[in-house]
Amino acid sequence: MKIPFATFKYMHAEIKDEMFSKFKDIYDKDWFILGDEVAKFEKEYAKYVGTKYCIGVGNGLEAIILALLALGINADDEVIIPSNTFIATALAVSYIGAKPILVDPDINTYNLSKVGLEEAITPKTKAIIAVHLYGQSADIAEIKAIAKKHHLYLIEDCAQAHNAKYKNKKVGTFGDIGCFSFYPGKNLGALGDAGAVVTNNLKLAEKIRALANYGSIKKYQHIYKGLNSRLDELQAGFLRIKLKHLDDYTKEKVKLAQKYLSGINNPKIILPTIGINRTHVFHVFAIRCQNRDDLQKYLAKHDIETGIHYPISIAKQKAYKSDMLNDLPIAKQIADEELSLPLYYGMTDEEINYVIDTINKY
Ligand SMILES: *Cc1c(COP(=O)(O)O)cnc(C)c1O
């Protein structure tokens, strides 16, 4: 049996007719940027997350760049981020000229907690970006309390955690601004690049909307040196269809993850831990193993495709070598030991049991 790391096969078969007819509608409507579909999606997604405003943007990286710009973060400011996040979180900070400051996550949840946070704050610190990594909420209440105490902005990078909750409130509602990616492989994915920014602050929402559209509110009048980062009508239309099913997609991934959690029983494997007061939507089912590379080869030999999130920590990336970022021990450990197991909507019992049995025999 061949098990892919991920596939859209089952999900996209179910909604194929609806997606095709959406394409036809938009094609016939003859309007592709800043139209009805985007406006409707923004309304629906804000409601889904539980914020007042949502602005559709080009992708997740630009969502974070726009958030930093809207908050007035400048060159020479410092922004705290987790040491083990996807590179986009760091790149957004670097892109606006500010300096990313790495803080190691909790080794059990792989997410930021209050540990190490206050020690990283300097007079130059302006913001914290909390990433809800792998689909689990970070320790967001504690992080928020520290941000508040030190008068720092809080941005949530929710790119991997659509629909994840902390104390029954969805991620994206805790910080000043929440940033989402709808890259195809995320838990809510478009058929191309797409993203969104959510906030409860009208002024920030208006500024982000302008910044994402050439710094303009009125055509040909530019109040900011903005960029072009807009969600397009087609992607918004496709996302509206998938959004209707996101609760079901989430439930299915959680159900499959629970099968892994109860089925995998091997002293060489460390299974994911869910912290208190929060949910995990399992964008990534991350296990750890001291012989990770060997385990990955063994699984590949048995036709099981896996991933690594991420094999090289930010501090060790060539792009960041000259920035003298310290490679922190937990980031290094996760980069050395993490392995992501196959997990996708429609995965059959036969498929998941095969993965479980193969891992247990390792
Ligand atoms: C995917 C991702 C992003 C970037 O999103 P894109 O849409 O690919 O630009 C940012 N942060 C995290 C944690 C991600 O996983």
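Leaving ligands, DNA and RNA out of it, rank K124, K22, K225 by accessible area with a 1.4 Å probe, largest first.
K225, K124, K22
Relative contact order of region 254-362, please, whole-number percent, based on alpha carbon pairs below 8 angstrom and at least 6 residues apart.
Numbers: 118 pairs, mean separation 41.0, N = 109.
Normalised by residue count, the contact order of region 254-362 is 38 percent.
Would you work out which of W31, F20, M1 lies farthest towards the positive end of the dipole of region 1-45, given +1 charges on the beta-carbon of Lys and Arg and -1 on that of Asp and Glu, about the Cα centre?
Positive-most Cα among the choices belongs to M1.
Could you give me the ³J(HN,Hα) list for region 159-169, computed from phi with Karplus coefficients 6.51, -1.76, 1.60 and θ = phi - 60°, whole Hz, x at Gly and Pro?
Rounded to whole hertz, the list is 4, 10, 9, 3, 6, 6, 10, 10, 6, 6, 10.
Could you run the Debye sum over the Cα atoms of region 207-306, one equal point scatterer each and no solvent, and tell me log10 of I(q)/I(0) at q = 0.18, 0.21, 0.25 Å⁻¹, two decimals?
-0.93, -1.08, -1.27
Only bridges whose two residues both fall in the chain count here: according to DSSP, what percent of them are antiparallel, nearest 5? Walk me through the numbers on the way to the answer.
Details: 23 of 40 bridges.
Taking every DSSP beta bridge within the chain, about 60 percent pair in antiparallel fashion.
Full extension from W31 to L202: what is 0.36 nm times the residue separation minus their Cα-Cα distance, to one decimal in nm?
Length gained between W31 and L202: 58.9 nm.
Whole number in Å², please: accessible area per residue of the chain, 1.4 Å probe, ligands, DNA and RNA not counted.
That works out to 46 Å² for each residue.
How much accessible surface area, in Å² rounded to 10, belongs to the heavy atoms of K244 with a 1.4 Å probe?
Spelled out: K244, probe radius 1.4 Å, area about 140 Å².
Which order do the peptides 264-271, 183-190 come out in when sorted by mean C-beta neighbours inside 10 angstrom, highest first?
In decreasing order of mean packing, 264-271, 183-190 become 183-190, 264-271.
Which value, in debye to the nearest 20, gives the size of the charge dipole of region 308-354 about its Cα centre, when Lys and Arg are +1 and Asp and Glu are -1 at the Cβ?
Dipole of region 308-354, to the nearest 20 debye: 460 debye.
Suppose every Lys and Arg Cβ carries +1 and every Asp and Glu Cβ carries -1, with no other charges. What dipole size does the chain come out with about its Cα centre, to the nearest 20 debye?
700
Quick check: the distance between the Cα centres of region 201-247 and region 297-362, to the nearest angstrom?
34
On a full-extension model of 0.36 nm per residue, what is the gain between Y224 and D248, subtracting their alpha-carbon distance, rounded to one decimal in nm?
Taking 0.36 nm per residue and subtracting the Cα distance, the gain is 4.6 nm.
State the volume of the convex hull built on the alpha-carbon positions of region 219-278, expressed per residue in Å³ and rounded to an integer.
For region 219-278, the hull spanned by Cα atoms encloses 219 Å³ per residue.
What is the ratio of the Cα radius of gyration of the chain to 2.2 N^0.38 Å, where N is its residue count, to two decimals?
Numbers: Rg = 20.4 Å, N = 362, 2.2 N^0.38 = 20.6 Å.
Working it through for the chain, the quotient is 0.99.
Which value, in debye to the nearest 20, gives the size of the charge dipole of region 49-186 about its Cα centre, when Lys and Arg are +1 and Asp and Glu are -1 at the Cβ?
500
What's the extension gain from A145 to K52 if we count 0.36 nm per residue and subtract their Cα-Cα distance?
31.3 nm
I need to check one value: relative contact order of the chain, counting alpha carbon pairs closer than 8 Å and at least 6 residues apart, in percent.
22 percent.
Roll a 1.4 Å probe over the protein heavy atoms and report the accessible area of C54 in Å², nearest 10.
The value for C54 is about 10 Å².
Kindly provide the helix-only [θ] at 222 nm of the chain, computed as the sum of -39,500 (n - 2.57) over DSSP H runs of four or more divided by all residues, to the nearest 500 deg cm²/dmol?
-12000 deg cm²/dmol, from helical runs alone.
Have a look at Q258, Q160, Q235 and tell me which one the Gaussian network model of the chain (Cα, springs below 10 Å) gives the largest fluctuation.
Of Q258, Q160, Q235, the most mobile in the Gaussian network model is Q258.
Using θ = phi - 60° and the Karplus form 6.51 cos²θ - 1.76 cosθ + 1.60, what ³J(HN,Hα) does each residue of region 32-46 get, whole Hz, x for Gly and Pro?
10, 10, 6, x, 4, 5, 5, 4, 5, 4, 4, 5, 5, 6, 4
For A159, enumerate residues with amide H under 5 Å from its amide H, sequence gap 5+ or separate chain, H modeled in the peptide plane.
H132, S181
The values are calculated or read from the model by the stated rules, or taken from the named source; none is laboratory data. The structure presented is a predicted model; accordingly, all values stated were derived computationally and were not measured. So basically every Cβ, Gly included, is an ideal-geometry build from the backbone, and we count neighbours across all protein chains shown. Side chains included, ligands, DNA and RNA excluded: accessible areas come from the protein's heavy atoms. Shrake-Rupley method; radii C 1.70, N 1.55, O 1.52, S 1.80 Å.
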